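The values are calculated or read from the model by the stated rules, or taken from the named source; none is laboratory data. Quick caveat: nothing in here was measured; it's all calculated off a predicted structure. Virtual Cβ from ideal backbone geometry, glycine too; neighbours counted across all protein chains shown. Surface accessibility is based on the protein's heavy atoms, side chains included, excluding ligands, DNA and RNA. Shrake-Rupley method; radii C 1.70, N 1.55, O 1.52, S 1.80 Å.
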Amino acid sequence: MFGSGKATGHDNIGMVPMRFVWPYGGRSVFLSGSFTGWTEHIPMSPMEGCPTVFQVICSLTPGHHQYKFFVDGEWRHDDHQPSVSGNYGVVNTVFLPREPYVDSPVLDLELSGSNMELDDAFSRPVSRQRISAFLSMHTAYELLPESGKVIALDVNLPVKQAFHILHEQGVPLAPLWDFLKGQFVGVLSALDFILILRELGSHGSNLTEEELETHSISAWKEGKLNLNRQIDGNGRACSRRLIHAGPYDSLKDVALKILQNKVSTIPIIHSSSRDGSFPQLLHLTSLSGILKCICRHFKHSASSLPVLRQPICMIPLGTWVPKIGESNVRPFAMLRPNASLGDALSLLVQAEVSSIPIVDDNDALLDIYSRSDITALAKDKAYAQIHLDEISIHQALQLGQDANSPYGFYNGQRCHMCLGSDPLHKVMERLANPGVRRLLIVEAGSKRVEGIISLSDVFRFLLG
């Protein structure tokens, strides 16, 4: 709903939309502030599915504003937002910068003299500003499915059992629940299993296959800190805090959390208590879901966003195979099908990538090995019967395939591809499909790999 105060006309030119949220419950909640002269109360509405979270969107003039909430007949302010003391007691404050919308001219690709000209054009606040504004005005609540299940694991669960659960449920990660602390404390992901298998395969390992039967998730996480040698200034191992979002966080904030923390998925957690007690795990969200919202909203207005019509080869987007003579270009990781699984896992960890294209001697695409593929080794306890340096990627992928499947290794069924000439909106629509985290850019006909575009690449470009 939109506010209707003195300065809240949504269609007024020069106004900036601002979403106000009261996440602490109440029977009736109103908003008032300097933008209403402190005389008008704007009603706030509870979010569907989250009755303790109230919100309203108002259009305000750029600049500094003060506001408070009128909850069940009492004036309140949000301790978790910026605040100052003034004539109306402690009030929250917000500053809205002036960001005028400037539409983008249609770029004549045939007349553009160089990629540098295109880069300069794309760096201006043009079509992408509309997408950023859309993400700022919509919340993570819109990502919640009407029905579904979310898998969470107890930290005292044996790692081996957790490995099997992820494989059986077909999920690459799960949040971790600590019963004693009464909160979610982390995430167990495919990367954890990659590190575990590498630890098992190392000669100096303190972890054996027998210990894996009883080794708990919490014990592994503690050992992982020492393994990674994450040491703070006092010489103590420092754990990484759980990255999560709330249902009232804007889609832009959620996307930035994923990008800045270099994670693929974050849990949406809600608590009606100010201290965060009794948290509810609502959903696991990724950039794919946010991209789907963008595609759905701008589906019939792509013509008004020229950047969406540009071929991806003309946009500073993704990672491309270096051309002969190019320098200072990020190396592009590819492997042959006879490379060992150990080499693949090492490359995934050291290069900090989530997948590696598998190519033939002509660099034509055969398949792809992703971090999540490691969970297939839980099938029939395959991880206990192999040596990482003695099994090839080809063989490892076959372990995860259905024996009755008519397709073999060289089928490309798991690979999602695009061409360098494809427009950005087409690439975005493909990446918005469930389970698609990246597209391999191939040469038409030969399927020679030319590059790769991930969900993170798209959002860095859109929000950059």
Requested in this report: Multiply the residue gap between ALA333 and SER421 by 0.36 nm, knock off their C-alpha separation, and tell me the result in nm, one decimal place.
Outcome: 29.4 nm
**Report entry** Table column - 3J(HN,Hα) (Hz), the stretch 271-279, Karplus curve with 6.51, -1.76, 1.60, x for Gly and Pro
**Finding:** 9, 7, 9, 5, 8, x, 6, 6, x
Query raised in the report: Any idea of TYR248's accessible area? Nearest 10 Å², probe 1.4 Å.
Result: 70
Report task. Note the full-extension length gain between VAL90 and THR39 as 0.36 nm times their separation in residues minus their Cα-Cα distance, in nm to one decimal. Result -> 16.7 nm
Query raised in the report: By a straight-distance test (C-alpha under 22 Å), which lysines pair with LYS68 as possible cross-link partners, with residues fewer than eight away in the same chain excluded?
Result: LYS6
Requested in this report: Would you please give the residues with an amide H less than 5 Å from that of VAL16, counting only those at least 5 places away or on a separate chain, with H modeled from the backbone geometry?
Outcome: LEU60, THR61
Requested in this report: Work out, step by step, the length gained on full extension between ASP389 and ALA152: first 0.36 nm times the residue separation, then minus their alpha carbon distance; give nm to one decimal.
Outcome: 82.1 nm
Query - Charge sum, other residues only, whose C-beta stays under 14 Å from ILE393's C-beta, Lys/Arg counted +1 and Asp/Glu -1 - result: -3
Report task. Give the long-range amide H neighbours of ARG448: residues separated by 5 or more places, or on another chain, with amide H under 5 Å away, using H modelled in the peptide plane at 1.01 Å from N. Result -> LEU365, GLU443
Query raised in the report: Can you work out the FRET efficiency for the pair ARG309 and VAL349, with r the C-beta to C-beta distance and R0 = 45 Å, to the nearest 0.05?
Result: 0.75
Report task. Round to the nearest 10 and report in Å² the accessible area of GLU142, as given by a 1.4 Å probe over the protein chains' heavy atoms. Result -> 80
Requested in this report: Could you run the Karplus curve 6.51 cos²θ - 1.76 cosθ + 1.60 with θ = phi - 60° over the stretch 86-95 and give me ³J(HN,Hα) per residue in whole Hz, x for Gly and Pro?
Outcome: x, 5, 10, x, 6, 10, 7, 10, 8, 10
Query raised in the report: What ranking, highest mean first, results for peptides 148-160, 75-87 when packing means the other Cβ atoms within 10 Å averaged over each residue?
Result: 148-160, 75-87
Query raised in the report: In nanometres, what is the gap between the two model label sites at ARG448 and THR61, each 7 Å from Cα along Cα-to-Cβ?
Result: 6.1
Query raised in the report: What accessible area, in Å² to the nearest ten, does a 1.4 Å probe give for HIS283?
Result: 40
